[in-house]
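Note sheet for the following structure.
The values are calculated or read from the model by the stated rules, or taken from the named source; none is laboratory data. A quick note: this is a predicted structure, and the numbers were derived from the prediction, not measured. Reconstructed Cβ throughout: ideal geometry from the backbone, glycine too, with neighbour counts over all protein chains shown.
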Amino acid sequence: MTSRRPRTRRAAVAALAGAVALLTACTPGSENTGAPPPAGREVQTDIAALGPVTLTVWDQEVRGGQNEQMERLNAAFQERYPNVTIKRDSRSFDDLATTLRLALSGNDAPDVVQANNGRADMGAFVAAGELVPLTPWAQAYGWDQRYPDSVRQYVSYTPDGKVFGEGEIYGLPQVGEVVGIYYNPAELQRLGIAVPTTWEEFEAALAAVKAGGATPLQLGNVEGWPALHVFGTVQDQLVPADQITDLAFGRKGASWTTPENTQAAQRVTDWAAAGYFNEGVNGLDDNQAWQAFSRGESVFFIGGSWYAPDLEATMGQNVRFMPPPPPAGKPVSATGGTGLPFSITSASDAPDAAAAYLDFITSPDAMKVLTETGNLPVVDTAAQTPPAGLSQDVFAAFAAVADNGQLLPYLDYATPTMGDTMGAALQDLLAGSQPPDAVLSTVEADYAAFVEKNG
Amino acid sequence: MADAPRTSHLGPSPWHALAYVVPALAVYAAFVLYPLGRAVHLSLFDWDGLTLATFVGLGNYAEVVTDAGLRAAFGHALVLILFFALLPTAIGLVLASLLTRARLRGLPFFRTVVFLPQVVAMVVVGVAWRQLYAPDGSVNDLLELVGLGAVTRAWLGDPTFALPAVGVIGTWVQTGLVTVLLMAGISRIPDQLYEAARLDGAGPVREFFAITLPSVRAELAVALTLTVIAALKTFDLIYITTGGGPGNRTSVPSYEVYNRAFRLGEVGSAAAVGVTLTALIFVVNLAVVRIGERR
């Protein structure tokens, strides 16, 4: 046996050397860097002339009204263009986000995908050349008139993916979103509190509810992101809008450690210390939180317009929605933006049909369908007649913020890791285990590292 | 392979033996060795999963050591060993001795009950315990019932108690496995040994340390190996119950691998964490097996 030892060792060394050679041979990602999509190609808007086309669409419109509008629009599109077959693949928001990265770099990528606006998703895909800029079709279909600048900035990147909010359009959103305040009118009346119309009144109302022995605010923050909306809502009132926009778009020149941001973080800490939130916010999940609010366990609930269908279904007439009331003399400001935009992949073999599809599902007719199915259309909102009830509040709030106020981007757009960093930091803030300045330093570190690397 | 061994007088050539091994080896290589090599490869790059990667050498491994968040994740995994491996082994030893020696009626029933958590899918376990630990869940109800209302809290959202709370779930799950393994070991111990001990005047405690414990050494090694691996590679439980929170206080290496690779787009770093975790599991288990074999 001893005589074979050296040979075994030599074989092992050879195998190791071979493995190392094999491993250094190909750099990960090299198979994805194909030729950029051809520029200046002729745009074809006559879809019937394209012959049989199959469009693979990945969306995340899985809930009731969302799924319904998608089914109706897909059916109508295929009826108009019988030569087009839509292969729809629908998965939840989280599932789509985790699988899209792999799918786009694969050989069999879908034609149309819903990619989240932020740098973690759309920004990364644009930088990798996985999405087609929509500029040629935007002129042909008039999308630059359809969408105002305030919406277009949410789907615009420079082609290298470095600047967010400017450059070419990479996706079209169907719905709008606004984070506001849901309240329980019956509880307010029982406690003898008027519906607040200014930020000062709102904070006074929180104190009054607490003094009346009820829970002012419901929050379920296991996931981390729900607190971003609460912090964002406070920040929108206390920090200048342009600073928030720079921070949220991950642009150079802003800072998280300003006195205004510190004041906003301090305010959230104060709310937590004063017992304005339910017990154990970090141990309750988002679904449990809105359900608790719907059972009347709190008077207010800060959350996005996407809760409206569920809350209306459980609370009926006994829930209202308003944009965050602004501090006296300031314009109404709220976090919000668009639902996930639809984009065309570079791998699509039928970009013209895909563009026609995007045009169809965001057309004025589509906005009507969205309204009928209980969704909040991103454009032409004022032209719609929403069903009576909570929808009317949501439509009015979105119009008030988008048209006459300041619609400020989601804070997790800022960097690929910001959702995680801020989610964890705000959990610490709410638990009181980190003071506001330490929390903001953590967030600033993430932002500064990205901005420096991004250039 | 120029110097292939010539047929020796000791029997057929080693190539014959190789022919028997090749099918299994091919499967093993394709599904274990190649992915492992690929992971090691990826761990040497800074890669977002989409664009061209940059070679960073051992930079990602340096990050595992220097990044406070990642260091903490490995620390949490080590804490979980206490809850997933050591506690269940201690409880399992006592339970197994009691169940086998006490000659209970309805023994199969108790054995089934103890083993049941092992059968339930971890996702189901996680969802169930999330309800138990909720601010208005059964754990808090129970505490209030016995007059401990002051210590009630949102267990999974508490900065201090979230990790132990997740650990207790692990203890609950793993105890069944350890108990059943040890029961098999104890039932093989000849009765004469206990008889002899009793004649020499040994009590139940002495019996346990003099006979039971040394006899189940092999089973203990197996139990520890399995539970330590389970502790170090915990993912599903964390994913379901806390998502690493609050404030990263329950993040573990496996969760970081998933988070970095699929959510943050830091594939190289994820691979480095995965490779480090694999190495750690290997080393810890080598130690356990060595201790188990020592006479």
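A few notes on this one:
- The stretch A:406-451 - residue that is facing chain B (nearest Cβ under 9 Å), outside any helix (DSSP H, G or I) and of a type outside the set (Gly, Ala, Ser) and, of those, farthest from A:Thr381 (Cα to Cα): A:Gln434
- Scanning the stretch A:101-137 for residues that are among the polar types (S, T, N, Q) and either in contact with a Lys or Arg (Cβ under 6 Å, 6 or more places away or on another chain) or closer than 24 Å to A:Thr362 by Cα (or both) yields A:Gln114, A:Asn116, A:Asn117, A:Thr135.
- Criterion: surrounded by 13 or more Cβ atoms within 10 Å (Cβ to Cβ), touching a Gly at 6+ places or on another chain (Cβ under 8 Å) and of a type in the set (A, V, I, L, M) - qualifying residue of B:Leu95, B:Leu116, B:Leu80, B:Leu70: B:Leu80
- Filter result (under 16 Å from the mean Cα position of the chain (by Cα), among the aliphatic types (A, V, I, L, M) and under 14 Å from A:Gly283 (Cβ atoms)) within the stretch B:143-168: B:Leu163, B:Val166
- Taking helices (runs of 4 or more DSSP H) as the structural unit, those lying wholly within the stretch A:31-144 and holding at least 1 residues that are at pLDDT below 95, within 14 Å of chain B (Cβ to nearest Cβ) and crowded, with 17+ Cβ neighbours inside 10 Å correspond to A:93-105, A:124-127.
- Residue check for A:Ala11: loosely packed, with under 11 Cβ neighbours inside 10 Å and at pLDDT 60 or above: no
- Matching entry among B:Thr227, B:Thr241 (being out of contact with any Phe, Trp or Tyr (no Cβ under 6 Å at 6 or more places or on another chain) and in contact (Cβ under 8 Å) with a residue 40 or more places away in the chain): B:Thr241
- Of all the criteria given as (1) surrounded by fewer than 18 Cβ atoms within 10 Å (Cβ to Cβ); (2) part of a strand (DSSP E or B), the one not satisfied by A:Pro387 is (2).
- Exactly one residue out of B:Ala287, B:Ala261, B:Ala221 is at pLDDT below 95, under 14 Å from the mean Cα position of the chain (by Cα) and part of a helix (DSSP H, G or I): that is B:Ala221.
- Tally of residues being within 14 Å of chain A (Cβ to nearest Cβ), surrounded by fewer than 19 Cβ atoms within 10 Å (Cβ to Cβ) and either part of a helix (DSSP H, G or I) or in contact (Cβ under 8 Å) with a residue 40 or more places away in the chain (or both) across the stretch B:160-183: 1
- Filter result for A:Asp403 (of a type in the set (D, E, K, R), out of contact with any His (no Cβ under 7 Å at 6 or more places or on another chain), part of a helix (DSSP H, G or I) and buried (at least 18 other Cβ atoms within 10 Å of the Cβ)): no
- Test: residue in the stretch B:244-253 that is assigned to a helix (DSSP H, G or I) and buried (at least 18 other Cβ atoms within 10 Å of the Cβ): yes
- In the stretch B:1-103, counting only helices (runs of 4 or more DSSP H) that sit wholly within it, the ones holding 1 or more residues that are within 30 Å of B:Gly268 (Cα to Cα) and either touching a Pro at 6+ places or on another chain (Cβ under 6 Å) or at pLDDT below 95 (or both) span B:14-28, B:34-42, B:59-66, B:68-81.
- So A:Leu370, is it buried (at least 22 other Cβ atoms within 10 Å of the Cβ) and either assigned to a loop (DSSP other than H, G, I, E, B) or at pLDDT below 90 (or both): no
- Residue in the stretch B:184-195 that is under 26 Å from B:Leu116 (Cβ atoms), touching a Lys or Arg at 6+ places or on another chain (Cβ under 8 Å) and part of a helix (DSSP H, G or I) present: yes
- Here the condition is being over 22 Å from the mean Cα position of the chain (by Cα) and in contact (Cβ under 8 Å) with a residue 40 or more places away in the chain; of B:Leu44, B:Leu87, B:Leu70, it holds for B:Leu44 alone.
- Residues that are within 14 Å of another protein chain (Cβ to nearest Cβ) and more than 15 Å from A:Gly220 (Cα to Cα) within the stretch A:270-300 are absent altogether.
- Residue satisfying all of: in the stretch B:96-121; in contact (Cβ under 8 Å) with a residue 40 or more places away in the chain and touching a Phe, Trp or Tyr at 6+ places or on another chain (Cβ under 9 Å); nearest to the other protein chains (Cβ to nearest Cβ) among these: B:Pro117
- The stretch B:232-256, residues that are closer than 17 Å to B:Ile281 by Cβ and within 13 Å of chain A (Cβ to nearest Cβ): B:Ile238, B:Tyr255, B:Glu256
- Residue within the stretch A:196-210 that is within 14 Å of chain B (Cβ to nearest Cβ), surrounded by 16 or more Cβ atoms within 10 Å (Cβ to Cβ) and over 15 Å from A:Met322 (Cβ atoms) present: no
- Residue check for B:Ser269: of a type in the set (Ser, Thr, Tyr), under 24 Å from B:Gly57 (Cβ atoms) and either more than 11 Å from every other protein chain (Cβ to nearest Cβ) or buried (at least 18 other Cβ atoms within 10 Å of the Cβ) (or both): yes
- Scanning the stretch B:145-159 for residues that are assigned to a helix (DSSP H, G or I) and surrounded by 13 or more Cβ atoms within 10 Å (Cβ to Cβ) yields B:Trp155, B:Leu156, B:Gly157.
- Residue check for A:Leu188: within 19 Å of A:Ile361 (Cβ to Cβ) and modelled with pLDDT of 95 or more: no
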